[in-house]
Each structure stands twice: as C-alpha cells, then as structure tokens.
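Participant: Below you will find the structure I want to go over with you.
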Amino acid sequence: MTWPKRGLNCPKNHKQRRNGSDGEDKKKRRTSYTLTLTPEQMDKLKAWCDHRMWTFFPVEYARFAFKGDGVNVVCYESGKCVIAGKKTEDFVTYVLENEITKDPKLGYDEVHHPDWFEPHAGLDESGKGDLFGPLVSACVVVTEPDTARMWMDAGVKDSKAIGSDSVVMRLDKMIRATRGVAVKTVMPGMRKYNELYLKFGSNLNHLLAWYHARALEAALAQHPVPWGLLDQFTKQPLVQKSLRTVPKDFELRMRTKAESDPVVAAASIVARAEFVRQLHELSVTVGEELRKGASAEVKAQAKRIVEKLGPDALGDYAKLHFRTAYEALGLPVPEKKVWVSYGSKKAK
C-alpha cells in the first residue's frame with residue numbers, strides 16, 4: 001500500500017479518511033500521543049526542534065524536552081517519546097510521522113489493526129503483584145464495530161499506563177455503560193483465594209487460568225463472539241484447557257502486550273477498577289488504607305495488622321503465599337519451586 005505524502009497542504013479527503021467525517025473539528029482531537037523512537041530518530045527530532053528555536057526545558061530522566069507552539073515534546077533515554085498539547089495531532093501527522101519516522105500510524109489503526117474493530121473478547125487481570133486485595137480477572141466482550149474507536153478516543157488504554165485511579169474508575173463506568181458490551185469479573189474473597197491457591201497446587205498460573213476461563217464463559221453466555229484475546233502469561237494453553245462451556249469454534253488467542261488491543265485494554269481497566277474497589281472495602285474493614293504492591297512499607301503494614309488482629313486475620317486481607325506475608329508472620333519463607341516443563345533435561 002502506498003501512503004500519501006503529507007504536509008501542511010494536506011487535501012481535505014485525507015482528513016476525511018483519518019477522521020471518518022467531513023468535519024475534523026467535530027471530532028474530539030487527541031491532546032497526547034506516545035511512541036518509541038530509535039536513537040537516530042530522537043536525534044533527528046531534537047535537531048528539528050533546535051532548528052526552530054523551540055524552548056528547551058528540563059524533565060527528569062529525559063534525553064531532551066521542548067516546548068513549541070501548542071505542543072510539548074519529551075523524549076526519554078528509554079526511547080519513549082511523549083507528545084502533549086492541543087496541537088498534538090497536527091505535530092504527529094505533519095512532523096513526527098511525515099519527517100521523522102516516515103511511518104503513518106495516527107488515525108490508521110483500522111488499517112494497521114483491523115482485528116481491533118471486530119467483535120471479540122478481551123481478558124486481563126489486576127492485583128497479581130499486590131499483597132493486599134484480591135486477584136481480579138475481567139473479561140470484556142464487544143459486539144459493535146464502532147466501540148473500539150470510541151473507547152480509544154475516550155482514552156482507554158492499558159490500565160498500567162493510567163496513573164490515576166480516578167481516571168480508571170471513570171473509564172470503567174463508561175465501558176460498563178457501552179451498548180453491546182458484556183463485562184464479567186471473577187474475584188473470590190481473600191479467604192477463598194488462599195484456599196484456591198493451595199487447591200491449584202500453589203501454582204498461580206493455573207489459578208489465574210481458572211479465573212480467566214470462568215470470566216470468559218460468563219461473558220460469552222451474554223454476548224457470543226467468534227474469538228478472544230488474552231495477554232500471554234504462560235506459553236501453555238492453560239486457559240483454553242480450563243474452558244468448559246464455550247462454543248467449539250471459539251478461538252482464544254494469546255500474545256504478549258495484548259493490552260494494545262482496545263478491548264483487552266478495557267478489560268485491564270475493569271479489572272483494576274474492581275481491584276481498587278475491593279481494596280477500599282478491605283481498608284474500611286481493617287481501619288486503615290491498605291497499600292498496593294509488596295514493598296517494605298507493605299510488609300510493615302502487614303506486621304501491624306498481625307500485631308493488631310492476630311496472625312489468623314492476615315488471610316482476610318492478604319495473599320498468604322507472598323514472601324512478604326511469611327515475613328510479616330515471622331515464618332520461614334519456603335524455597336521457591338522450580339517448575340520443569342515436560343521433556344526438559346534439567347531445570348534452568
């Protein structure tokens with residue numbers, strides 16, 4: 001496919017293709033955009049900003065940052081480049097893609113990723129790395145072709161890339177209210193979670209697969225679709241093997257970084273929002289705000305709970321298989337199991 005060369009005199013029909021309407025201003029324009037650049041591309045972008053005498057400003061961990069007319073450009077040592085401001089779309093279209101990357105992507109998602117806009121299911125989880133609070137699996141099923149585009153324009157993306165819980169909660173409410181969408185979550189209480197972990201042989205991947213299978217089955221019962229996508233957390237088809245009631249022709253795909261798909265991203269937001277709600281309820285019960293993660297501060301908080309309520313109470317709030325939980329209880333930490341896949345000569 002030959003892409004049209006774009007410039008400031010971009011023809012009107014090109015705007016129509018990118019925006020899907022005659023009135024570009026009627027569509028909500030993006031005010032931020034993130035992508036990864038090579039070192040050579042970052043050098044070229046820096047030279048472009050320098051040449052136009054844009055204002056340099058310091059940003060921690062940034063390779064460089066410039067303020068221009070209606071747009072800020074920040075490039076980090078990692079290669080991440082963030083464009084922000086009311087003229088983000090113009091800058092990305094006419095400068096970044098036209099002169100720096102030579103790779104038009106903004107507004108071409110339907111061309112590059114047509115599967116995003118098909119009816120399908122998305123699966124993700126939250127709470128996996130948090131001592132306190134439940135493990136939550138979420139499945140979102142989309143049946144309407146315009147849903148993914150609407151969500152993307154509203155800011156739906158991987159929940160880990162959203163810094164604010166309030167934004168996650170707002171997007172969760174919007175996702176759940178969207179027409180033609182099924183949203184299902186699986187999140188047994190903390191006592192049940194700790195029981196299930198042992199029941200599944202102290203193997204978190206097997207337990208998570210069971211969670212995902214139940215959420216997917218419930219969502220498909222409401223809105224059947226031909227396929228679904230799951231962020232790959234194991235090379236084994238554990239979720240597929242755990243499914244019991246899905247149609248035989250249903251296909252569950254797996255890949256890394258699946259959250260780039262807006263339906264999987266929606267599932268990640270739903271899962272995170274539910275985790276936040278459940279963690280808040282547990283916090284109210286215990287009488288203090290429970291911390292996220294499994295840091296030293298979290299371990300200190302777990303110790304306070306043990307001292308306050310007794311060792312048996314920790315399982316009402318925490319995942320007891322965490323190293324942090326053993327340390328908070330003053331118990332020896334079990335040796336980490338080494339899983340050897342079938343046919344391997346030795347564990348690596």
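Participant: Please calculate how many Å² of accessible area the chain carries per residue, with a 1.4 Å probe and no DNA, RNA or ligand atoms counted.
Facilitator: On a per-residue basis, 55 Å².
Participant: Give me the extension gain from Asp316 to Arg191: residue separation times 0.36 nm, minus the current Cα-Cα distance, reported in nm with one decimal. Provide the component values of the computation, followed by the final result.
Facilitator: Working: separation 125, 0.36 × 125 = 45.00 nm, distance 0.57 nm.
Contour length minus the Cα-Cα distance gives 44.4 nm.
Participant: Ok, one more. Divide the volume of the convex hull of the Cα atoms of the stretch 83-234 by its number of residues and quote the answer in cubic angstrom per residue. Walk me through the numbers on the way to the answer.
Facilitator: On the way: hull volume 22.5 nm³, N = 152.
Output value, Cα hull per residue: 148 Å³.
Participant: Next up: Would you kindly work out the equivalent ellipsoid of the stretch 30-172 from its C-alpha gyration tensor and give its semi-axes, the square roots of five times the eigenvalues, largest first in whole Å? Before the final figure, lay out the partial values.
Facilitator: Details: eigenvalues 202, 81, 35 Å².
In descending order, the three semi-axes are 32, 20, 13 Å.
Participant: For labels at Glu77 and Lys241 in the simple 7 Å Cα→Cβ model, what's the distance in nm?
Facilitator: So the label points at Glu77 and Lys241 sit 4.3 nm apart.
Participant: Residue separation times 0.36 nm, minus the C-alpha to C-alpha distance between His51 and Thr285: what's the value?
Facilitator: On the way: separation 234, 0.36 × 234 = 84.24 nm, distance 5.90 nm.
Difference between extended and current length: 78.3 nm.
Participant: Still on this structure, I have one more. Hey, could you get me the Stokes-Einstein D for the stretch 163-292, Kirkwood radius over alpha-carbon pairs, 25 °C and 0.890 mPa s, rounded to whole µm² s⁻¹?
Facilitator: The estimated diffusion coefficient comes to 152 µm²/s.
Participant: Counting only helical runs of four or more DSSP H residues, what would the 222 nm mean residue ellipticity of the chain come to if each run contributes -39,500 (n - 2.57) and the total is spread over all its residues?
Facilitator: Calculated at 222 nm, the ellipticity per residue is -11000 deg cm²/dmol.
Participant: Between Val333 and Arg29, how high is the FRET efficiency from 1/(1 + (r/R0)^6) when r is the Cβ-Cβ distance and R₀ = 45 Å? Nearest 0.05.
Facilitator: Numbers: r = 52 Å, r/R0 = 1.16.
Approximately 0.30, to the nearest 0.05.
Participant: More than 10 Å apart: what percent of Cα pairs in the stretch 252-292 qualify?
Facilitator: Details: 599 of 820 pairs.
For the stretch 252-292, the fraction of Cα-Cα distances above 10 Å is 73 percent.
Participant: So how far apart, in nm, are the two label points at Lys87 and Asp153 if each is 7 Å from Cα heading toward Cβ?
Facilitator: Label at Lys87, label at Asp153, 2.4 nm between them.
Participant: Within 10 Å of each candidate Cβ there may be at most 12 other Cβ atoms; applying that plus a DSSP loop requirement, which GluC sites (Glu not before Pro) in the stretch 54-125 survive?
Facilitator: Counting only loop positions with at most 12 other Cβ atoms within 10 Å, the GluC sites (Glu not before Pro) in the stretch 54-125 are Glu60, Glu77.
Participant: State to the nearest 20 debye the size of the charge dipole of the chain about its Cα centre, where the only charges are +1 on K and R beta carbons and -1 on D and E beta carbons.
Facilitator: Working: 56 positive and 44 negative charges, 92 e Å.
Computed charge dipole of the chain: roughly 440 debye.
Participant: Stokes-Einstein at 25 °C, 0.890 mPa s, Kirkwood radius from Cα pairs: D for the stretch 222-348 in µm² s⁻¹?
Facilitator: 134
Participant: Between the DSSP loop rule and a limit of at most 16 other Cβ atoms within 10 Å, which trypsin sites (Lys or Arg not before Pro) in the stretch 214-275 are left? Provide the component values of the computation, followed by the final result.
Facilitator: Numbers: sites: Arg214, Lys235, Lys241, Arg244, Lys248, Arg253, Arg255, Lys257, Arg272; in loops: Lys235, Arg244, Lys248, Lys257.
Here the sparse-neighbourhood loop sites are Lys235, Arg244, Lys248, Lys257.
Participant: Ignoring any ligand, DNA or RNA, what whole percent of the accessible area of the chain comes from carbon and sulfur when the probe is 1.4 angstrom?
Facilitator: On the chain, the fraction of accessible area on carbon and sulfur atoms equals 52 percent.
Participant: Looking at this model, which pairs from Lys160/Lys199; Lys199/Lys257; Lys128/Lys184; Lys192/Lys248; Lys128/Lys299 are more than 23 angstrom apart at the alpha-carbon?
Facilitator: Over 23 Å Cα-Cα: Lys160/Lys199; Lys199/Lys257; Lys192/Lys248.
Participant: Which whole number of Å³ per residue matches the convex hull of the alpha-carbon atoms in the chain?
Facilitator: Numbers: hull volume 66.0 nm³, N = 348.
That works out to 190 Å³ per residue.
The values are calculated or read from the model by the stated rules, or taken from the named source; none is laboratory data. Since this is a predicted model, take the numbers as computed values, not measurements. Positions of Cβ are generated from backbone atoms using ideal geometry, with glycine treated the same way; all protein chains shown enter the neighbour counts. Each accessible area value is taken on the protein alone, full model and side chains, heavy atoms only, with ligands, DNA and RNA left out. Shrake-Rupley method; radii C 1.70, N 1.55, O 1.52, S 1.80 Å.
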